[in-house]
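Read the structure below first, then the notes.
The values are calculated or read from the model by the stated rules, or taken from the named source; none is laboratory data. These figures come from a predicted structure and were not determined experimentally. As a convention, Cβ positions derive from the backbone with ideal geometry for all residues, glycine included, and neighbour counts pool all protein chains shown.
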Amino acid sequence: MAGAPVILALAAGYPFGLSGQTAGAPEVSARARALHASALVFDGHVHAVDREFYHGGDIGERKPDGQFDLPRAKEGGLGALFFSIFVTEDYYPARLETKQALRMLDCAIEQIGRNNRTIEIARTAADIERIHASGRIAAILDIEGSFDLDGDPAVIRQMYRLGMRSVQLSAHNWTNNYADSCCSPPKWGGLNDRGRAVIREMNRLGMVINVSHASDEAISGAIDVSTVPVVATHHGLRAVNDIPRNMPDWLLKKLAAKGGVIGFQLGCEFHDRKAFEWGAAHAGKPFWDTSAILQRGNRLSIEEIDRLVGPQFPMRPNAIPQEIRMTVDDWVSVVDRAIRLVGEDHVALGSDFDGGPPLPRGMRDVRDLPMITDAMLRRGYSEERIRKFLGGNLLRVFRQISEGARP
């Protein structure tokens, strides 16, 4: 694997069903399966390559555990995804985040290239449509865990040339040198001048400004500065579950007024207070707590960090009992609340597969995305509304952002 460490001995043999998911395929109506198969299913956030970077293997191989691989994605009808290049906070203290981003990007490009009969990198909305029409999956390269804590526009430009088309504004759950995070002490009151310059450069290049993990003030500032809509790729509603990773109503209204889209993460902990409290109690901390990394400081080499963090991938959800989990219909009711607040043009799917979400009751992995389509039909949604949620809204915004580019 080009440029990536292969730690084959770690994390082997995760038992499928570790998170309490059921082994059997769920029942889905024929109408839902037909609609789902004919729609563009565009997922705003998938951890598609973490496992392969740390442990080797191929995204084209069916795995016995986790939530994502290409064979299962095809079974779930996936047509496009934001292909997350995830740089964990562990690399930040030693200032290795840019090197790690490039290593992960190299791994992603190599994995996609070796599976080019199934998946291809998309740089424009026209690419997505062409790739989807060919029966393959379109991958939009998206970096999670900021590309560089100093926000260097030169790094953005080089990543753009390598195919990156989406950048998360904040450094995951840490405040960086230009944007505050939702889950660490604020430093800038949202954005500073460097952060505003980063946004303007991303606008010029035609890159998606991904505001998930940013603070309310940083998201609000990004909406103000950007000349095009911004996207929250994997989020929830604070009115449903009052945690900092979720978005308050006033901010969702502001995002939608600028034409933006919120992608809904599939984890019960985002959208159900009982599940969140169960998970926090059994983990001993909220799922965004990275305080232990600060205590390690910058003493480790990049290879030592690789060995330290490798066993967590693919990220395993808290084993929340099925009876505590929300149902898929409950999850759709959260999306419905957002639709009633800002309209059907501003909602999307942002699963966070293999990023640790404890999925709704009975949902095993990416194969079971048709369960969402079925639940929306049961709720009485029109096929047009369902198609917008499944992928139409993300495609529209991606087109608007990329077509306004002046690289």
> If you take the residues in the range 299-319 that are in a loop (DSSP other than H, G, I, E, B) and more than 18 Å from SER84 (Cα to Cα), which one is modelled with the lowest pLDDT?
Replying inline: ARG299
>> Among (1) part of a helix (DSSP H, G or I); (2) free of Cβ contacts under 8 Å to residues at least 24 places away in the same chain, there is one condition LYS388 misses while meeting the rest; what is its number?
In response: (2)
> Would it be correct to say that ASN116 is at pLDDT below 95, out of contact with any strand residue (DSSP E or B) (no Cβ under 9 Å at 6 or more places or on another chain) and not aromatic (Phe, Trp, Tyr)?
Replying inline: no
> Within the range 384-404, is there a residue that is touching a Gly at 6+ places or on another chain (Cβ under 7 Å) and among the hydroxyl-bearing types (Ser, Thr, Tyr)?
Replying inline: yes
>> Checking the structure you have, find out if any residue of the range 327-335 is in a loop (DSSP other than H, G, I, E, B), polar (S, T, N, Q) and either modelled with pLDDT under 95 or more than 24 Å from ALA122 (Cβ to Cβ) (or both).
In response: yes
>> Need the failing condition index for GLY113 against (1) in a helix (DSSP H, G or I); (2) touching a residue at least 12 places away in the same chain (Cβ under 8 Å), just the number.
In response: (2)
> Got a number for residues in the range 146-203 being outside any strand (DSSP E or B), among the aliphatic types (A, V, I, L, M) and crowded, with 23+ Cβ neighbours inside 10 Å?
Replying inline: 5
>> Name the single residue that is modelled with the highest pLDDT among those in the range 338-386 being of a type in the set (Gly, Ala, Ser), in contact with an Asp or Glu (Cβ under 8 Å, 6 or more places away or on another chain) and surrounded by fewer than 23 Cβ atoms within 10 Å (Cβ to Cβ).
In response: ALA375
> Only one of TYR178, TYR92 is touching a Leu at 6+ places or on another chain (Cβ under 9 Å), more than 18 Å from ALA218 (Cα to Cα) and aromatic (Phe, Trp, Tyr); which?
Replying inline: TYR92
> Would the range 350-365 turn up any residue that is over 19 Å from LEU141 (Cβ atoms) and outside any loop (DSSP other than H, G, I, E, B)?
Replying inline: no
